[in-house]
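Everything below concerns the one structure shown next.
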Amino acid sequence: MSEQTSSSTYPSVNDLSLEEKASLTSGGDAWHLQPIEERGIPGYMITDGPHGLRKTAGDTGAIDLEHTVPATCFPPAAGMSSTWNPELVEEVGQAMAEECIQEKVAVILGPGVNIKRNPLGGRCFEYWSEDPYLAGHEAVGIVKGVQSKGVGTSLKHFAVNNQETDRLRIDARVSQRALREIYLPAFEHIVKTAQPWTVMCAYNRINGVYAAQNRWLLTDVLRKEWGFKGIVMSDWGADHDRVASLNAGLNLEMPPSFTDDQIVSAARDGRISPKQLDDMAQGMIGLVNKTRQAMSVEDYRFDAQVHDDIARRAAAESMVLLKNDEHILPLSKNARVAVIGEFARTPRYQGGGSSHITPTQLTSLLDALQQRGIEYDFAPGFTLEDGEQEQSLVDEAVNIASKADAVVMCLGLPEYAESEGFDRTSLDIPAKQLELLSKVRESNANVVVLLSNGSVVSLTPWQDQAKAVVETWLLGQSGGGAIADMLFGDVNPSGKLSQTIPLNILDDPSMLNWPGEEGHVDYGEGVFVGYRYYDTYAKEVAYPFGFGLSYSDFSIDNVSVERTGANTACVRATVTNVSQTAGAQTVQIYVAPGRSEVARPVHELKGFAKVFLEAGESKEISIDLDERAFAYWSERFNDWHIEAGTYGIEVATSSRDIVERLDIELEGDGKSLPLNEWSNMSEWRKDPVGGPIVKRMFEEGRDGRIPALPENNLGAELFLDAMPINSMSVLLGKDGKVLTQFLLDEYAKETDGLH
Ligand code: BGC
């Protein structure tokens, strides 16, 4: 590459005509940037994502979801998020980039880090968590991994795309606090730590404004506050007003609506400023330049077998062992096993919609058992269509179950039941599968259930019938091998839930406002999403956030917490594998705020570490907690705020399994707002300047210099505390006015020049 072409500013936007600049702000076709060949700007391909490459075969300019080139299907985020292993996620990212290089794809569209606000959301399988800390700290691995090879990512869908119902138009009405604490932090963390080369804006509106036209979101927050350096593209068809979007900070409309002339005329008549157009177009040149090197590699072939192995390792860490009564798992290698369920032969390994890819190979559980030389009987038990149960399938399944030592039942959601494009209406798996489970259970008590689904399903109605339940999510192309390894103990399950499994969907805090009505949805639960709600309000759940068993047993000792600054801390602990089996434990750190001016969740995840341990081995872990770990978003300050006081630091193995809790005292950030006549007495008392003035007011009242307020009267104090000081006259008539003025005059004297 010549020195000139490697520069992110070549060619400069100053060398381009107005028409050329405008042309850079929309795609060439459904999957390509618009080239300007004579200026040396190629029309590179950008395509899905997010858990493997989905590139249209043949005419690559068309939208053809059916025919795509073979690519490794890694576990979708539903699975990968349960690994709690960002390094592994990064390896997957590197592998995906290699496939992009072979296929000459400059940007892969993902990861998608929207919050799983409600488990019925149709794209929960593609998203990472109900918790923004976990989502950001895992998905960042994809961005780092892909971009380390010179290929771009597109962090999507920015922002607040949490449902499929009416997704192209819905107005998500969210408080500033919930935005900052729940819906934006995963994006924020990834932007600040990994600088994705592109961000994809969402379809929906946020507090009335389409994401594509939302200057507050795309410019003020993303670029100015977080320092984003890349370009923003629209989701496919999300740009409804080229001029408004470009002014808001959208660099690229995808796919093109062939309306670049609108940009040209708006630039001519001043509706778009020259600087804004230059910035947007220069961003596009910068993106092309970042990818030039990788896109100029010729005849590159990725190693499909190596990538399949990575997919298998990722699948192995994605499985969550929910229950294992009598240590039925792992199964003995000599056990006579009946395998029941169509999913064993026809795995559900990825979700439906724009992320659907053609795998390079596919290993079902039956394939994997054969490869291992395991003898088994198989009965499909049910079909994957939405039809009636067939009695002959039940009879066959019961028959093989009755002759087996153990039964492995593969249950879950068929493809028709969940996908991008629509939300589910129930958490239940199809009734015919559950009827089959009851019948099988009657003939064999040793039932192991393997679940395949992209978002949680109800377990309560049936889990008593199984001795073991493993949530395998959607495991990608190599899931069959990973499951077989886990069943027979060659893989020790280490996944942890990134999503709470509720007892009943009606317990979910968002259900009062799901999925909205008349074009809008109110996020009435505020920051109380998922476990933040269940744990704060002590609601029983089927399995808590962060939960997952292992074949090993672990202990966590020597827990200590040390302040490292006014509002930061470091947590240390020793994790030991106290069993005979190598395995991994994920230690989770939750911060529990003490008394607060605002309603805060009882605790929130602020750190984690996955520790791999041989039998008997111990390791020290240390996890830093930065200021953000303790802060809430204050709508009053329009900023993060750390209150002084006591905070609990919980060292845990799930949000409900707290191993140890230690308290620390923080100094707080000392922020305060100027007091005025509308501040109430309680605010005056607590303020560093106002507090002493209030004391003086009482003293001078006692001495008779000004009117006296009632003292040692709790009722009156509480009453006064709640009143803005300009209302004191309501209680005290003219005397009240005198006191209000006293407070304001004294405050003015003391703060002269400060506020
Ligand atoms: C999806 C995006 C996807 C795009 C291109 C949209 O419908 O929401 O996630 O990247 O299509 O396929």
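The values are calculated or read from the model by the stated rules, or taken from the named source; none is laboratory data. Since the structure is predicted, the reported quantities are computational estimates derived from the model, not experimental observations. Neighbour counts are summed over all protein chains in view; Cβ atoms, including those assigned to glycine, are modelled from backbone coordinates with ideal geometry.
Values for this structure:
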{"item": "Cβ-Cβ under 8 Å pairs, at least 6 apart or on other chains, the range 454-466 side over 21 Å from E326 (Cβ atoms), far side among the basic types (K, R)", "result": "S455/K116; S455/R424"}
{"item": "Subset tally (residues that are more than 23 Å from Y10 (Cα to Cα) and part of a helix (DSSP H, G or I)) for the range 278-305", "result": "2"}
{"item": "Filtered residues of the range 154-165 (kept if closer than 22 Å to A97 by Cβ and touching a residue at least 60 places away in the same chain (Cβ under 8 Å))", "result": "S154, K156, H157, F158"}
{"item": "Residues of the range 532-567 satisfying the condition of being of a type in the set (A, V, I, L, M) and in contact with a Lys or Arg (Cβ under 9 Å, 6 or more places away or on another chain)", "result": "V541, L549, V559, V561"}
{"item": "Cβ-Cβ under 9 Å pairs, at least 6 apart or on other chains, the range 229-257 side at positive phi, far side more than 13 Å from the ligand (Cβ to nearest atom) and in a loop (DSSP other than H, G, I, E, B)", "result": "G237/S257; G249/N214"}
{"item": "Single residue of the range 106-131 satisfying the filter (among the β-branched types (V, I, T) and in contact with an Asp or Glu (Cβ under 8 Å, 6 or more places away or on another chain)) that is nearest to G58 (Cα to Cα)", "result": "I108"}
{"item": "Members of the range 418-431 found to be surrounded by fewer than 20 Cβ atoms within 10 Å (Cβ to Cβ), within 15 Å of L451 (Cα to Cα) and either within 16 Å of the ligand (Cβ to nearest atom) or of a type outside the set (A, V, I, L, M) (or both), listed by number", "result": "D428"}
{"item": "Every pair of residues 6+ apart whose Cβ atoms lie under 7 Å, when the first sits in the range 606-617 and is of a type outside the set (D, E) while the second is part of a loop (DSSP other than H, G, I, E, B) and surrounded by fewer than 20 Cβ atoms within 10 Å (Cβ to Cβ)", "result": "L613/A582; A615/S579; A615/Q580; A615/T581; A615/A582"}
{"item": "Test: residue in the range 360-368 that is surrounded by fewer than 21 Cβ atoms within 10 Å (Cβ to Cβ), more than 30 Å from the chain's Cα centre (by Cα) and modelled with pLDDT of 95 or more", "result": "yes"}
{"item": "The range 264-280, subset out of contact with any Ser or Thr (no Cβ under 6 Å at 6 or more places or on another chain) and either crowded, with 21+ Cβ neighbours inside 10 Å or acidic (D, E) (or both), residue nearest to M80 (Cα to Cα)", "result": "D279"}
{"item": "Some residue of the range 474-483 being touching a residue at least 60 places away in the same chain (Cβ under 8 Å) and either surrounded by fewer than 24 Cβ atoms within 10 Å (Cβ to Cβ) or among the aromatic types (F, W, Y) (or both)", "result": "no"}
{"item": "Test set (1) within 16 Å of the ligand (Cβ to nearest atom); (2) surrounded by fewer than 22 Cβ atoms within 10 Å (Cβ to Cβ) - I231 fails condition number", "result": "(2)"}
{"item": "Residue check, N676 at pLDDT 95 or above, surrounded by fewer than 18 Cβ atoms within 10 Å (Cβ to Cβ) and either under 38 Å from the mean Cα position of the chain (by Cα) or not charged (D, E, K, R) (or both)", "result": "yes"}
{"item": "Any helices (runs of 4 or more DSSP H) falling wholly within the range 1-108 and containing at least 1 residues that are hydroxyl-bearing (S, T, Y) and under 30 Å from S265 (Cβ atoms)", "result": "18-23"}
{"item": "From V541, V561, V587, residue being buried (at least 16 other Cβ atoms within 10 Å of the Cβ), modelled with pLDDT of 95 or more, in contact with a Leu (Cβ under 9 Å, 6 or more places away or on another chain) and within 22 Å of T83 (Cα to Cα)", "result": "V541"}
{"item": "Leading residue by the ranking (surrounded by the fewest Cβ atoms within 10 Å (Cβ to Cβ)) among those in the range 118-152 that are within 16 Å of the ligand (Cβ to nearest atom) and closer than 19 Å to A311 by Cα", "result": "V143"}
{"item": "Residue ID - nearest to the ligand (Cβ to nearest atom), chosen from residues in the range 43-66 that are of a type in the set (S, T, N, Q) and crowded, with 20+ Cβ neighbours inside 10 Å", "result": "T47"}
{"item": "Complete set of residues in the range 584-615 that are over 17 Å from R628 (Cα atoms), of a type outside the set (K, R) and in contact with a Phe, Trp or Tyr (Cβ under 6 Å, 6 or more places away or on another chain)", "result": "A584, Q585, T586"}
{"item": "Strands (runs of 3 or more DSSP E) within the range 550-609 that include 2 or more residues closer than 25 Å to R177 by Cα", "result": "568-577, 583-593"}
{"item": "Only listed residue being away from the ligand (no atom under 16 Å from the Cβ) and over 30 Å from K606 (Cα atoms), chosen from V221, V191, V209", "result": "V209"}
{"item": "Strands (runs of 3 or more DSSP E) contained in the range 306-393 and holding at least 2 residues touching a residue at least 24 places away in the same chain (Cβ under 8 Å) and in contact with an Asp or Glu (Cβ under 8 Å, 6 or more places away or on another chain)", "result": "320-324, 337-340"}
{"item": "Residue count, the range 713-735 (criterion: part of a helix (DSSP H, G or I), within 47 Å of the chain's Cα centre (by Cα) and surrounded by 11 or more Cβ atoms within 10 Å (Cβ to Cβ))", "result": "8"}
{"item": "All positions within the range 270-322 that are over 22 Å from F74 (Cβ atoms) and in contact with a strand residue (DSSP E or B) (Cβ under 7 Å, 6 or more places away or on another chain)", "result": "G283, M284, I285, L287, V288, K290, M295, L322"}
{"item": "Some residue of the range 477-485 being farther than 27 Å from P50 by Cβ and touching a Leu at 6+ places or on another chain (Cβ under 8 Å)", "result": "no"}
{"item": "Failed criterion for I115 (all others in (1) among the aliphatic types (A, V, I, L, M); (2) assigned to a loop (DSSP other than H, G, I, E, B); (3) at pLDDT 95 or above; (4) within 14 Å of the ligand (Cβ to nearest atom) hold)", "result": "(4)"}
